[in-house]
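Only one structure is covered here, and it is reproduced in the block below.
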Amino acid sequence: MKYQTKSILIARKKRTDKEDFNHRPCFVSLFEKNNPHLNTEGPIKVIDFDKKHKVLIKGLDVNYLLPGNDIVINDLQEIEVEEEGEHIHITGVQKK
């Protein structure tokens, strides 16, 4: 599904199944401003996923935030988020 957004934050949640070490719940939060981790405004939308193994990001510049293990993607015009089995595919249009 396509979304109009300025930035996104990708993060994992705590594991729901303590014995499944290969899958985790995660989410993609959409924001109206760049660097959402520095803003006090909340997301305009949150997309939740259960039991995912991998997030694949293609063609976008990303920032990995070490303190929270989160990924931030800024300067977006739109993104497309597709769920395919245990993987999430993220592509989009980014101003560079």
- Item | Neighbourhood net charge (14 Å Cβ-Cβ; Lys/Arg +1, Asp/Glu -1) for residue 1 | -4
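Measure up 13/52; 33/96; 13/96 against 20 Å on the Cα-Cα distance and list the ones that go over.
Those over the limit are 13/96.
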- Largest fluctuation, 71, 57, 47 only, Gaussian network model of the chain with Cα springs under 10 angstrom, belongs to 47
- Given DSSP loops and a limit of at most 11 other Cβ atoms within 10 Å, what is the longest stretch of the chain that contains no such GluC sites (Glu not before Pro)? 42-96
- Query: So how far apart, in nm, are the two label points at residue 87 and residue 37 if each is 7 Å from Cα heading toward Cβ?
  - Reply: 2.5 nm
- Query: What ranking of 15, 24 emerges when the number of other C-beta atoms within 10 Å of each C-beta is taken as an exposure proxy, fewest first?
  - Reply: 15, 24
- In nanometres, what is the gap between the two model label sites at residue 75 and residue 58, each 7 Å from Cα along Cα-to-Cβ? 2.2 nm
- Roughly what would the spin-label model give for residue 46 and residue 19, points 7 Å off Cα along C-beta, in nm? 2.9 nm
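Rule-based calculations on the coordinates, nothing more; no lab input. Only a predicted model underlies this, so the values are computations on that prediction, with no experimental measurement involved. FYI the Cβ positions are ideal-geometry reconstructions off the backbone, even for glycines, and counts take in every protein chain you see.
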